[in-house]
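> Below is a structure I'd like to ask you about.
The values are calculated or read from the model by the stated rules, or taken from the named source; none is laboratory data. Since the structure is predicted, the reported quantities are computational estimates derived from the model, not experimental observations. Ideal geometry is used to build each Cβ from the backbone, glycine not excepted, and the neighbour counts take in all protein chains shown. Side chains included, ligands, DNA and RNA excluded: accessible areas come from the protein's heavy atoms. Shrake-Rupley method; radii C 1.70, N 1.55, O 1.52, S 1.80 Å.
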Protein chains: 2
Amino acid sequence: MIKDQSVHEFLGALASKAATPGGGSAAAIMGAMGAALVSMVCNLTLGKKGYEAAEGDMQAVLARAETMRERLADMVRADVEAFDQVMAAYGLPKDSEAQKAARGDAIQLALKAATEVPLDCVRLCAEAVVLSKSVAEKGNKNVISDAGVAVLAAYAGLRSAALNVYINAAAIKDRTFVEERLSELDRILYGMEALTEEVYQLVKNKL
Amino acid sequence: MIKDQSVHEFLGALASKAATPGGGSAAAIMGAMGAALVSMVCNLTLGKKGYEAAEGDMQAVLARAETMRERLADMVRADVEAFDQVMAAYGLPKDSEAQKAARGDAIQLALKAATEVPLDCVRLCAEAVVLSKSVAEKGNKNVISDAGVAVLAAYAGLRSAALNVYINAAAIKDRTFVEERLSELDRILYGMEALTEEVYQLVKNKL
């Protein structure tokens, strides 16, 4: 499992000529780092003098961020599996008409799964961006730069996952499926750019 | 060493209440993932039919990206060490005037080092952004989304490292030192935003 690899080994695997892990896994790790840094700010705010009023909010944000960190870390592997399924489908025999049809169906099915995984990554990263606003507003000022890194990592994970949605969606024939996913993606992307800059400026003004 | 930790352990350490690893290490990992993905696109372009003309460029970019991946991976640790030095300096005794003066000097020295490390991270991430343009232009189209993730990861690493420059610079008394670093940082940031969007659009148009 990738998440059991050392950071060093993962970076080596990412750089290698192996098709996986690739950008989809890097996107999930960026999202997971964003969620982890939200947790860090919560952990360094809870119980600290001067932040008593934020206690309840920070507890709630922490619980949510920890769930998301686990889900995003698992997505590193899910992305690899989805990509490997697409490759396996392309590798199916295509000697007879029946084989060609079966192969085509398998490719389409695998591409849909390989579009759903990064779209799910987009949704989770968007939630990490939203949570980073809470910690940027109410978190311990001494570690406020970590709230800024959280939002940047989560938003970069989001845009990166979006690229993986686009590349897989381009080869999907079911246009209704594609249009639904792309319009959801556009809605998320639009709101997130402004929110990311808002959180970044909020942090920068506190430094 | 952090880079020998598993990805899962690193994410857990990032989320914990321990002050390190924090945003500075996350910034270095984003930069290292950016460099690694540049390498990946090179590795999947070299020797491929239709990309013979790009062979020389891709070899040169690959060599550079691999050096940068190593340097950025080492910076994960360097950032932790620099931060720990600052904490150690703040922890020095301050009972006598002589101790106060020595502590003040040690803090200033440690803060300067803790500013240089993320600034170096900024410079390396900026180079990763530049390299990602080469692979977005000349790399294998089948993995062009990875060039897009490369630029997003490198730019997020750059902006994240910048936050760590700002937070440490704010407490440094040597204003000449600070102004020199901040003006270099501003110059890099200004050019990189436009370049990142250019590379992102270049990739998106090829999907």
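> Given the criteria touching an Asp or Glu at 6+ places or on another chain (Cβ under 8 Å) and open to solvent by less than 50 Å² (accessible area, probe 1.4 Å), does A:Y200 qualify?
Working: touching an Asp or Glu at 6+ places or on another chain (Cβ under 8 Å): no; open to solvent by less than 50 Å² (accessible area, probe 1.4 Å): yes.
Considered against the rule, which asks whether it is touching an Asp or Glu at 6+ places or on another chain (Cβ under 8 Å) and open to solvent by less than 50 Å² (accessible area, probe 1.4 Å), A:Y200 comes out as no.
> With the requirement that a residue be of a type in the set (A, V, I, L, M) and either open to solvent by less than 20 Å² (accessible area, probe 1.4 Å) or outside any helix (DSSP H, G or I) (or both), what does the stretch A:160-197 give you? Give the derivation first.
Step one: list which residues in the stretch A:160-197 are of a type in the set (A, V, I, L, M), which gives A:161-163, A:165, A:167, A:169-172, A:178, A:182, A:185, A:188-189, A:192, A:194-195.
Across the stretch A:160-197, the qualifying residues are A:A161, A:A162, A:L163, A:V165, A:A169, A:A170, A:A171, A:I172, A:V178, A:L185.
> Hey, does the stretch A:140-154 have a residue that's of a type outside the set (A, V, I, L, M), open to solvent by 30 Å² or more (accessible area, probe 1.4 Å) and under 15 Å from the mean Cα position of the chain (by Cα)? Working first, answer last.
Filtering the stretch A:140-154 for residues of a type outside the set (A, V, I, L, M) gives A:140-142, A:145-146, A:148.
Checking which are open to solvent by 30 Å² or more (accessible area, probe 1.4 Å) leaves us with A:141-142.
When the remaining residues are screened for being under 15 Å from the mean Cα position of the chain (by Cα), the result is none.
Looking for residues that are of a type outside the set (A, V, I, L, M), open to solvent by 30 Å² or more (accessible area, probe 1.4 Å) and under 15 Å from the mean Cα position of the chain (by Cα), one finds none in the stretch A:140-154, hence no.
> Which one of these does B:V130 not meet: (1) within 14 Å of chain A (Cβ to nearest Cβ); (2) under 15 Å from the mean Cα position of the chain (by Cα); (3) not polar (S, T, N, Q)?
Condition (1) is where B:V130 drops out.
> Here is a list: B:M58, B:M33. Which entry is part of a helix (DSSP H, G or I), touching a residue at least 60 places away in the same chain (Cβ under 8 Å) and in contact with a Phe, Trp or Tyr (Cβ under 8 Å, 6 or more places away or on another chain)? Steps first, answer last, please.
Numbers: B:M33 fails: in contact with a Phe, Trp or Tyr (Cβ under 8 Å, 6 or more places away or on another chain).
After applying the criteria, what remains is B:M58.
> What residue, of A:A126, A:A110, A:A106, A:A136, is without any contact (Cβ under 8 Å) to a residue 60 or more places away in the chain and crowded, with 20+ Cβ neighbours inside 10 Å? Explain how you work it out, then say what you get.
Details: A:A126 fails: without any contact (Cβ under 8 Å) to a residue 60 or more places away in the chain; A:A106 fails: crowded, with 20+ Cβ neighbours inside 10 Å; A:A136 fails: without any contact (Cβ under 8 Å) to a residue 60 or more places away in the chain.
So the residue among A:A126, A:A110, A:A106, A:A136 that is without any contact (Cβ under 8 Å) to a residue 60 or more places away in the chain and crowded, with 20+ Cβ neighbours inside 10 Å is A:A110.
> Here's another thing I want to ask about it. Out of all the residues in the stretch B:36-55, which are polar (S, T, N, Q) and either within 13 Å of A:G22 (Cβ to Cβ) or open to solvent by 50 Å² or more (accessible area, probe 1.4 Å) (or both)?
Going through the stretch B:36-55, the residues polar (S, T, N, Q) turn out to be B:39, B:43, B:45.
Hits for the stretch B:36-55 are B:S39, B:N43.
> Ok, one more. Suppose we filter B:A98, B:A89, B:A73 for residues that are more than 14 Å from every other protein chain (Cβ to nearest Cβ), of a type in the set (G, A, S) and open to solvent by less than 70 Å² (accessible area, probe 1.4 Å); which single one remains?
Values: B:A98 fails: open to solvent by less than 70 Å² (accessible area, probe 1.4 Å); B:A73 fails: more than 14 Å from every other protein chain (Cβ to nearest Cβ).
That would be B:A89, the only listed residue that is more than 14 Å from every other protein chain (Cβ to nearest Cβ), of a type in the set (G, A, S) and open to solvent by less than 70 Å² (accessible area, probe 1.4 Å).
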